[in-house]
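One structure is given below, encoded as structure tokens.
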Amino acid sequence: MSAIFDVAGVTKSFGGLTVNRDVSMRFAAGDRVALIGPNGAGKTTFVNLVTGQLVPDAGRIVLAGDDITRLDTVARVTRGLVRTFQVTRLFADMTPADHVVMTILRRMGNATRILARFGGDSAANDEAYEILDALGLGDAMRRKVGEIAYGQQRLVELAIALAHRPKVLLLDEPAAGVASSDVPRIERALERLPPTLAVLMIDHDMDLVMRFAKRVAVLVAGELVFDGAPADVARDAKVREAYLGSYGHASRDA
Amino acid sequence: MTMRHPPLSDAALGIWPAYRRDVYGILVVFAASIAGYFMFPDSLALLTRIVSIALLVLSLDLVVGFCGVATLGHAALYGIGAYAAGIVCLRAGITDPFLLVTIGAGAGAGAGLVMGAVLLRTHGLPQLVLSIAFVQLVQEGANKASAYTGGSDGLAGMMPAPIFGMFAFDLWGRSAYLFAIFLLVVVLAILAVVARSPFAMLCRGAKEDPVRVEALGVSIRPVLLRMYAISGAIAGVGGALGMLATQVVGLDGVSFELSANSLVMLALGGVGSLYGALGGTVAFMMVEHMVAAINPFHWMTVIGGLMIGVVLVAPRGLAGGLDDLQRRMFGRNSETRR
Ligand SMILES: Nc1ncnc2c1ncn2[C@@H]1O[C@H](COP(=O)(O)OP(=O)(O)O)[C@@H](O)[C@H]1O
Ligand SMILES: [Mg+2]
């Protein structure tokens, strides 16, 4: 199967600390990959590197056949490489509907118009409503983001990501900070992601990971020590030694 | 339009629901300005100056309130608009007031682009320092280029033509004030449209979290630069109006002091609210005028006290304070939008 997204040999050091060492991953359309690893392993850094928030020291990133290694974040997003943030980054004074409409307008090329009324595009409004309603945000979508529950804010992050209609979606701990009673809502949203979309999800919740992923990758201290079937991950000697052996003690956050 | 769901916002309901509050707001400003004409016929020069400075403060609000730029040099754009209109009036024989205001707007917009290009390289304290350096440089430039600007004596002797060839800029300042009201209303109408555009939403977003805006797929710099140009145009209109009304342009129009005062007026009225910017200017300049008449040396003390009071009682400025008061009196308003 040809790769829609190909990350080859990405390396990044902060000072003396190498946070990603020669990390390579390939994704085909429709992939569901989970990236796991202890806190501080470099998972978020990997997302920052491939989305252009950080510049890698070495490595090559190819999206849909194009080398995007030197492109900035904006150019990567417009080409269909979209991420969510581990800690929600939303505009507190705006509503979920505002966020999603803004994203749709961006996709349509109308986000920077001055002589237009924000919220006056009924096609964008209809689409935003559908996305938010499907995520169960029907009641929250007209309230300010700063006033809704954190679990709902996580869903808004997902709604924005969907509004981009991405080719590749990178989810950085979509369930982090969500009350366990709300996790099923996130999980249902993940199940409904478009089937052709390639998805990488970072998470610590092994139950969630095992239900979601068709493939699991394990990052330990900046190195990818495993990339294969979920059934094999627990049997892999390197993973056991480096990671699962201490899994029972690993904390859930960050 | 196929709406199978409740509207997402007032703006989704149509043009009138979206701009209704702006229309009311502009009507109130218009009525109050006209009332000023009849109530203070002897103070029209002061009222015109208030409008001129209000345009500067509105323009400042666009970069501070909407984009989060830290600047203590915004009067540079106001002064450049005033000088451009004044020089053209004196040297090129262009005397039509509308044309002169347009020239002031153009010069302000150009200067805004340059200033934006400089200031948007950094943010926070370095940005503030750069803005002060910028206005000082412009002022020094105006001082040195005395062949064009009259140096420290300033520019004088401009003879703008009567408005529509009928209403001369006379000694009583009636034409000037009515012209000022006209400009204010036009600028407020333009800003109402700008403030409710997708573009303004992006500016607000960039102010809060630039990383998030880029992750939405929008480059921030071109957006903020455009806002700087719009802001410069409005400051330039204010400067040109000041030139037309007083027929003098001086170095104080491009000063750090005017820049700092305009920021105080904005903070007083409420950052991010266009009507707050207006209210802050009126309050500041009225107090300045009244206290300066009683005790010319201590009016700044009174302004200082007023500022401290506002910060303690209503940290979001007069506009924010009124907002809170309304909420306390009438309960939470159900609308989610600003
Ligand atoms: N901008 C940065 N500067 C310096 N060190 C960083 C930076 N970002 C992350 N790190 C360090 O890199 C390591 C990996 O962090 P991160 O990628 O956030 O891990 P994870 O997401 O796997 O928990 C940590 O030790 C962290 O302190
Ligand atoms: Mg992380």
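Some notes on this structure:
- Verdict on A:Asp67 being in contact with a Ser or Thr (Cβ under 8 Å, 6 or more places away or on another chain) and away from ligand 1 (no atom under 16 Å from the Cβ): no
- Within the range A:87-100, the set of residues being in contact with a Gly (Cβ under 9 Å, 6 or more places away or on another chain), surrounded by fewer than 21 Cβ atoms within 10 Å (Cβ to Cβ) and of a type outside the set (A, V, I, L, M) comprises A:Thr88, A:Asp93.
- B:Gly150, sole failed condition from (1) at negative phi; (2) surrounded by 19 or more Cβ atoms within 10 Å (Cβ to Cβ); (3) more than 14 Å from chain A (Cβ to nearest Cβ): (1)
- Residues located in the range B:154-185, provided they are charged (D, E, K, R) and at pLDDT below 90: B:Asp170
- Qualifying residue in the range A:205-220 (condition: within 16 Å of ligand 1 (Cβ to nearest atom), touching a residue at least 60 places away in the same chain (Cβ under 8 Å) and small (Gly, Ala, Ser)): yes
- Of everything in the range A:189-204 that is away from ligand 1 (no atom under 16 Å from the Cβ) and in contact (Cβ under 8 Å) with a residue 40 or more places away in the chain, the residue that is farthest from the other protein chains (Cβ to nearest Cβ) is A:Pro195.
- Scan of the range A:61-84 for residues that are closer than 20 Å to B:Leu202 by Cβ and either surrounded by 22 or more Cβ atoms within 10 Å (Cβ to Cβ) or within 7 Å of another protein chain (Cβ to nearest Cβ) (or both), ordered by number: A:Thr73, A:Val74, A:Arg76, A:Val77, A:Thr78, A:Val82, A:Arg83, A:Thr84
- Test result for B:Thr71, more than 15 Å from B:Gly232 (Cα to Cα) and open to solvent by less than 50 Å² (accessible area, probe 1.4 Å): no
- Residue list for the range A:41-60, filter: within 14 Å of another protein chain (Cβ to nearest Cβ), under 12 Å from A:Asn20 (Cα atoms) and hydroxyl-bearing (Ser, Thr, Tyr): A:Thr44
- Of the helices (runs of 4 or more DSSP H) lying entirely inside the range B:165-222, the ones with 1 or more residues being of a type in the set (Val, Ile, Thr) are found at B:174-195, B:210-215.
Residues checked against (1) open to solvent by 50 Å² or more (accessible area, probe 1.4 Å); (2) within 14 Å of another protein chain (Cβ to nearest Cβ):
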position: B:Ser33; (1), (2): no, no
position: B:Tyr37; (1), (2): no, no
position: B:Pro41; (1), (2): yes, no
position: B:Ile53; (1), (2): no, no
position: B:Ser59; (1), (2): no, no
position: B:Gly65; (1), (2): no, yes
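- Pick from the range B:194-223, criterion free of Cβ contacts under 8 Å to residues at least 24 places away in the same chain and among the hydrophobic types (A, V, I, L, M, F, W, C), ranking: most open to solvent (accessible area, probe 1.4 Å): B:Val211
- Qualifying residue in the range A:127-136 (condition: within 14 Å of chain B (Cβ to nearest Cβ) and either under 24 Å from A:Phe46 (Cβ atoms) or open to solvent by less than 10 Å² (accessible area, probe 1.4 Å) (or both)): yes
- In the set A:Val183, A:Val168, A:Val178, A:Val156, only one residue is touching a strand residue (DSSP E or B) at 6+ places or on another chain (Cβ under 9 Å), among the aliphatic types (A, V, I, L, M) and more than 10 Å from chain B (Cβ to nearest Cβ); that residue is A:Val168.
- The range A:101-122, subset within 9 Å of another protein chain (Cβ to nearest Cβ) and not in a loop (DSSP other than H, G, I, E, B), residue most open to solvent (accessible area, probe 1.4 Å): A:Arg107
- Test for A:Arg26: is it open to solvent by 40 Å² or more (accessible area, probe 1.4 Å), away from ligand 1 (no atom under 16 Å from the Cβ) and part of a strand (DSSP E or B): yes
- Hits in the range A:33-46 - residues which are within 8 Å of ligand 1 (Cβ to nearest atom) and surrounded by 16 or more Cβ atoms within 10 Å (Cβ to Cβ): A:Gly37, A:Pro38, A:Ala41, A:Gly42, A:Lys43, A:Thr44, A:Thr45, A:Phe46
- Test: residue in the range A:75-88 that is more than 21 Å from A:Glu157 (Cβ to Cβ), more than 16 Å from ligand 2 (Cβ to nearest atom) and at pLDDT 95 or above: yes
- Pairing residues of the range B:165-192 that are farther than 30 Å from A:Ile114 by Cα with residues that are surrounded by fewer than 19 Cβ atoms within 10 Å (Cβ to Cβ) and not hydroxyl-bearing (Ser, Thr, Tyr), at Cβ distances under 6 Å and at least 6 apart in sequence or on separate chains, gives B:Ala168/B:Pro162; B:Gly173/B:Ala45; B:Ser175/B:Ile163; B:Ser175/B:Phe167.
- Pairs are defined by a Cβ separation below 6 Å, a sequence spacing of at least 6 or placement on different chains, a first member in the range A:81-95 that is more than 15 Å from A:Leu162 (Cβ to Cβ), and a second member that is within 16 Å of ligand 1 (Cβ to nearest atom) and open to solvent by 30 Å² or more (accessible area, probe 1.4 Å); the pairs so defined are A:Gln86/A:Thr44.
- Qualifying position, being under 14 Å from A:Ala34 (Cβ atoms) and either within 16 Å of ligand 2 (Cβ to nearest atom) or not small (Gly, Ala, Ser) (or both), among A:Asp207, A:Asp182: A:Asp207
The values are calculated or read from the model by the stated rules, or taken from the named source; none is laboratory data. What you see is a predicted model, and the numbers here were worked out from it, not measured in a lab. When we count neighbours, we look across all protein chains shown, and the Cβ atoms used for this are built from the backbone with ideal geometry, even at glycine. Only protein heavy atoms, including side chains, enter the accessible area calculation; ligands, DNA and RNA are left aside. Shrake-Rupley method; radii C 1.70, N 1.55, O 1.52, S 1.80 Å.
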